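Only one structure is covered here, and it is reproduced in the block below.
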Amino acid sequence: MLAKSFVVAMTADIARSDYARPTLIRSRSREWLIACRWGPDGEYLSIATAGRMSDPSGHLAPGAIAPIHSLFGVLASESETDAASTFLLVRQLPIPIELAGTFFPADGYVLLQQRESISLISQIRYSHSCGWLDGREIRKDVPDPAPASAEAMAWHIEAKRCSWIGEFISGSVVQERRAIFAAG
């Protein structure tokens, strides 16, 4: 059974590349992410950057990590057999949705897999302008960025769940396994 509701920390390998040529990798980093799935049928997914990793092992996420920039996706397809869900990222946040951190408009997809653990692969492209409103950072979508714009690039993300004190998982294989091990 796929978890339809969770908040987990993830270790992520992020490759940043050119907007017009996503295969041209410009830099790489290891960062913390916070992935959150919610909604009446688990139809929403947010992925927030939460800072660079100082410990490259990434076995335990710091308790104080918090969302910085949040991507938002809607469920496009799901397969219980493959234990996988695909979400499409959006450039315009639906009006009633509020996210922790600054909304990061982007397009692309997230392949969320829930096998032994939770992992994801994502291909993202974005271009936006940055500003401030009521003391908070905002980012607005720019549909046709100028060539070599500093605010336009592509990301390739591979991430996997790690232990974190702030974790919540509901209705999942992980939760069922914990119950089996606890029962002895």
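Of note:
- Using only Cα coordinates, the Kirkwood hydrodynamic radius of segment 32-126 works out to 14.1 Å.
- Residues whose placed amide H lies under 5 Å from that of Leu99, excluding near-sequence neighbours: none
- Carbon plus sulfur fraction of accessible area for the chain, probe 1.4 Å, in percent: 57
- Over all other residues within a Cβ to Cβ distance under 14 Å of Arg91, the charged ones net out to -1, with Lys and Arg as +1 and Asp and Glu as -1.
- Cα convex hull, the chain: 134 Å³ per residue, rounded to a whole number.
- Here's the picture: charge each Lys and Arg Cβ at +1 and each Asp and Glu Cβ at -1 in the chain, and of Ala35, Met53, Tyr109 the one pushed furthest to the positive end of that dipole is Met53.
- Among the GluC sites (Glu not before Pro) in segment 1-107, those located in a DSSP loop and surrounded by at most 14 other Cβ atoms within 10 Å of their own Cβ are Glu80, Glu98.
- The mean of 1/r over all pairs of different alpha-carbon atoms in segment 81-129, once inverted, gives a Kirkwood hydrodynamic radius of 12.4 Å.
- Taking N as the residue count of segment 96-171, its C-alpha radius of gyration divided by 2.2 N^0.38 Å amounts to 1.38.
- Normalising the average separation of contacting C-alpha pairs (under 8 angstrom, six or more residues apart) by the number of residues puts the relative contact order of the chain at 27 percent.
- Rounded to the nearest 10 degrees, the angle from helix 173-183 to the longest Cα principal axis of the chain is 30 degrees.
The values are calculated or read from the model by the stated rules, or taken from the named source; none is laboratory data. Small disclaimer: the values here were computed from a predicted structure and weren't measured. Note that we place each Cβ from the backbone using ideal geometry, even for glycine, and neighbour counts take in every protein chain shown. Only protein heavy atoms, including side chains, enter the accessible area calculation; ligands, DNA and RNA are left aside. Shrake-Rupley method; radii C 1.70, N 1.55, O 1.52, S 1.80 Å.
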